[in-house]
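The values are calculated or read from the model by the stated rules, or taken from the named source; none is laboratory data. Fair warning: this is a prediction, and the values are worked out from it, not measured in the lab. Here the Cβ positions follow ideal geometry from the backbone for every residue, glycine too, while neighbour counts run over all protein chains shown. All accessible areas refer to the heavy atoms of the entire protein, side chains included, with ligands and DNA or RNA removed. Shrake-Rupley method; radii C 1.70, N 1.55, O 1.52, S 1.80 Å.
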Amino acid sequence: MGEMTKKQLDIIRAACAVFEKHGYSGTGMETIAEAAGVSKRTLYKYYGSKEAVFSAIIKHLRQSATLKQCPRYQPGTSVRGQLVGVVYAMLAHLNREEHIRLARIIIAEVIREPKLSEILSEAADFSKSAPFLWIRSAMEDGQLRSEAPEKALTHLGGLVKSAVMWPRLFFCHAPLTEGEIRNLAEEYADFFLSYYRL
């Protein structure tokens, strides 16, 4: 999507608040435009539909700074140390309040709008992102068991989501603290390596 302009970012932030207040089905483009303080014409210049606005929110979250901090694979460097950094970035990414707010909106609306389930999956999908590239590179370097990197990412992503998304979505747990994220990053890295490390 490239870098957002300030106006686009203002629209996205306003749309988040509107979706949270009115739900997906109860939100229209006019409501989003009013909340963002822009004309409908300006809104349509950037986003042709409500679904496009929602998708833009997801893309914005996927490009967040937390996931950009995920390390790239470095040959000759401690695999465990690198993986702890990867898991930390994944946990911190999903721990953001914006993810939880959007996921709650989607879950509340998914029966009426089944296509939103695909957007929820996309929001928590790490495929082709930095974690996937790290796993694939580590496998190619002979440091991890040579299996499908997509499968390995599913295993790692499942651990991360079990700690961050599901407890907060369904049991209203508080966000993880910095210390909890660091501890879980080490724990899950070790768990993952107990199977995948050669």
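At a glance:
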item: Residue selected from the range 31-44 under the condition farther than 24 Å from K115 by Cβ and hydroxyl-bearing (S, T, Y), by the criterion surrounded by the fewest Cβ atoms within 10 Å (Cβ to Cβ); result: S39
item: Meets criteria (part of a helix (DSSP H, G or I), crowded, with 17+ Cβ neighbours inside 10 Å and either of a type in the set (G, A, S) or at pLDDT 95 or above (or both)) for Y195; result: no
item: Close pairs (8 angstrom Cβ cut-off, 6 or more residues apart or separate chains): under 13 Å from E51 (Cα atoms) in the range 97-119, at pLDDT below 75 and surrounded by fewer than 16 Cβ atoms within 10 Å (Cβ to Cβ) anywhere; result: I106/S117
item: Matching residues in the range 156-185 - criterion: being surrounded by fewer than 15 Cβ atoms within 10 Å (Cβ to Cβ) and in a helix (DSSP H, G or I); result: G158, S162, W166, P167, F170, F171, E178, G179, N183
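Matching residues to (1) within 15 Å of I105 (Cα to Cα); (2) within 22 Å of the chain's Cα centre (by Cα); (3) open to solvent by 50 Å² or more (accessible area, probe 1.4 Å):
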{"position": "D10", "(1), (2), (3)": "no, yes, yes"}
{"position": "F19", "(1), (2), (3)": "yes, yes, no"}
{"position": "G26", "(1), (2), (3)": "yes, no, no"}
{"position": "M29", "(1), (2), (3)": "no, no, no"}
{"position": "Y46", "(1), (2), (3)": "no, no, yes"}
{"position": "S55", "(1), (2), (3)": "yes, yes, no"}
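Conditions tested, residue by residue: (1) open to solvent by less than 50 Å² (accessible area, probe 1.4 Å); (2) modelled with pLDDT of 95 or more; (3) in contact with a helix residue (DSSP H, G or I) (Cβ under 8 Å, 6 or more places away or on another chain); (4) farther than 30 Å from R13 by Cα.
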position	(1), (2), (3), (4)
Q69	no, no, yes, no
Q82	yes, yes, yes, yes
R96	no, no, yes, no
H99	yes, no, yes, no
P114	no, no, no, no
S137	yes, yes, no, yes
L144	yes, yes, yes, yes
